[in-house]
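The next block holds one structure in the form of structure tokens; read it before the comments.
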Amino acid sequence: MAGSDLKRIRRLGRYLGQDRRRLLLTLTLLVPQAFSVAVQPLLIGQAISILRTGTGATNEAVLPLLQPLDSTLALRLIVAAMLIAVLLRFALQRVQLSNNQYLGQRLTARIRRDLFSHAMDLSLRYHDRMPVGKLLTRLTSDVDALAEVFASGAVGVLTDLVTLTVIAVTMLLVEWRLGLLLLVSQVPVTLVILWLQRRYRKANYRVREELSQLNADFQENLQGLDVVQMFRREVFNGERFNRTGRAYREAVTGTILFDSSISAFLEWVALGAVAVVLALGGWMVTAGAMGLGTLTTFILYSQRLFDPLRQMAERFTQIQGGLTAVERIGELLEEPLEIRDLSGDVASDAPDGISRPLQVMPSTRGEVIFEGVHFAYRPDEPILQDLSFRIAPGEHVALVGPTGSGKTTVIRLLCRLYEPQQGRILLDGRDIRTLPLAELRRQLGVVLQDTFLFSGTVADNLRLDREIDDRRLREICRDLGLSDLLDRLPQGLETELRERGGNLSSGERQLLAVARVAIRNPNVLVMDEATAFMDPSTEATLQRDLDRLLERRTAVVIAHRLATVEAADRILVLRRGRLIEQGTHRQLRAQGGLYAELAELQERGLARL
């Protein structure tokens, strides 16, 4: 096993540490369970030896405990011992299986919880390159495979190893020559199995990757179902999905080949071992060197000896799948957090250039400063280049510029969804990288064009992380002009929303997005044309509340309409990630630059700002 596998398994071991007692119980039961399995062939051989002794045979090996007893009494004791061994085996297996399943499910829950938490903490840069379907496969299928490994694989292998050891020792004690012959035959068998298992693991990793791609394609087609249907892409997308399905089927076929090869190989070896025992043992019985009861014991042991190997091979198949899952889960858990939540009085572990005492500037509320900010989603495509500006507390600033000029990126960096490669961003005199994320995002209220609503009630989507009772929530909604909307909904605030708010119009979703920001009373309001999807009547209803929301607050607005831009205190004009113009609407129109061109085109209905 590779060192990286051991490292990842040790990391997963801490999840089991919380269930030490149950794990210790499982390991303790291994020995008596192995003895209950190993003793059965020995008892059958003793029964045959006693029967043979009764017919005058003298070369039968009977245990000293049974020699003084009458044949009938000895057989009864053997039958009773056999019954106890069988019942004990069943009872121990029942307890162990139940315990293993419990531990496996607990392990699943803990790992999935940590995976989800880590995935939520990863920056958008990671999620931009990781398809949702692939991430879901790691959170679901891979974790289930890992739990299955523990529940029936890892502990089962330990059981088989203990059983194999007990059987081997017993065979050597009964007849060391035949026992040694059978044990030596296990060496090449084990080497072949390990070779096949390594091949199986590579094939299984491909299966996981193809399954991830299958889920990613399925999720993408479901999310874009309206586009698929409107542009009649059903056949084309279906063929593409079928190609992914065929690749997955071929990958699975590869694992089946190796899995069946292991089973077939073990069956042939087991038959060969029985044949060797019969041939050599028969000759020894004929020569009087061994009794028939001992030969029977060894024939049964030769079969039992390969049962643990066969089960271990099957479980190793599960374990190899589990190790693949461990590798993929480990890759996700080892993904570094680009956005770190740094806190404390001194940011000693802060990013370069900010390892100094943190100082709060109490004289300002809502000041935003960009200092020499450089940012690129990809190294060869810079988005922002040496961007610097200051937004005074309470100032309303509009960002305008052509598509791709970096307007949305400015908002993402301010909210710390991404980290700039160079430069820094200050909020009230503090580098935002030194602010606790909860504090930073409490001070920022963000309303984007693409409003995301969770499945649940309207009240849940308005509260999110805030504790507000129903009465106060209704008062806030009334003050924000949501009464008409709530009256139209079947159960008002308790109306259940479908996924992404599918039972609301775009304007209604935008109205709720503005309301949930207003509830949080932020210091800085960030908006991407909050009223873009509203009809004129809804926009007029909300405009009064927006004006009140903007009062005495810093506002950063990505503006697409001239009316919004004209109302701003200052306009920042971006092009290719650089600030090329700034000033009021009149000043910029008078300059005759890019802003004047965009404004003129919009007045003529030919462009958006």
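The values are calculated or read from the model by the stated rules, or taken from the named source; none is laboratory data. In this text the structure is predicted, and so the values were computed from the model without any measurement. FYI the Cβ positions are ideal-geometry reconstructions off the backbone, even for glycines, and counts take in every protein chain you see.
Some points to look at:
- Against the numbered list (1) out of contact with any strand residue (DSSP E or B) (no Cβ under 9 Å at 6 or more places or on another chain); (2) at pLDDT below 80, Thr434 comes up short only at (2).
- Filtered residue count, the stretch 499-510, keeping only those that are surrounded by 15 or more Cβ atoms within 10 Å (Cβ to Cβ), on the phi < 0 side of the Ramachandran plot and in a helix (DSSP H, G or I): 5
- Some residue of the stretch 292-303 being more than 30 Å from Trp195 (Cα to Cα) and either among the charged types (D, E, K, R) or assigned to a loop (DSSP other than H, G, I, E, B) (or both): no
- All positions within the stretch 220-257 that are among the small types (Gly, Ala, Ser) and under 26 Å from the mean Cα position of the chain (by Cα): Gly224, Gly245, Ala247, Ala251, Gly254
- Scanning the stretch 489-498 for residues that are outside any helix (DSSP H, G or I), among the charged types (D, E, K, R) and surrounded by 12 or more Cβ atoms within 10 Å (Cβ to Cβ) returns a single hit, Glu496.
- Checking each residue in the stretch 458-488 for being surrounded by fewer than 17 Cβ atoms within 10 Å (Cβ to Cβ) and in a loop (DSSP other than H, G, I, E, B) picks out Leu464, Asp465, Arg466, Glu467, Ile468, Asp469.
- Residue match in the stretch 202-222 (condition: in contact with a Gly (Cβ under 9 Å, 6 or more places away or on another chain), at pLDDT 75 or above, of a type in the set (S, T, N, Q) and under 30 Å from Pro41 (Cα atoms)): no
- Some residue of the stretch 45-56 being farther than 14 Å from Thr297 by Cβ, of a type in the set (S, T, N, Q) and either modelled with pLDDT under 70 or outside the structural domain of Ile193 (by TED's automatic domain parsing) (or both): yes
- Condition check for Arg233: modelled with pLDDT of 80 or more, farther than 15 Å from Pro131 by Cβ and in the same structural domain as Thr140 (by TED's automatic domain parsing): no
- Subset of the stretch 260-295 (residues that are of a type outside the set (A, V, I, L, M, F, W, C) and either surrounded by fewer than 19 Cβ atoms within 10 Å (Cβ to Cβ) or not assigned by TED's automatic domain parsing to the domain that holds Ile78 (or both)): Ser260, Ser261, Ser263, Glu267, Gly272, Gly282, Thr286, Gly288
- Residue check for Arg442: closer than 28 Å to Arg520 by Cα, surrounded by 15 or more Cβ atoms within 10 Å (Cβ to Cβ) and not hydrophobic (A, V, I, L, M, F, W, C): yes
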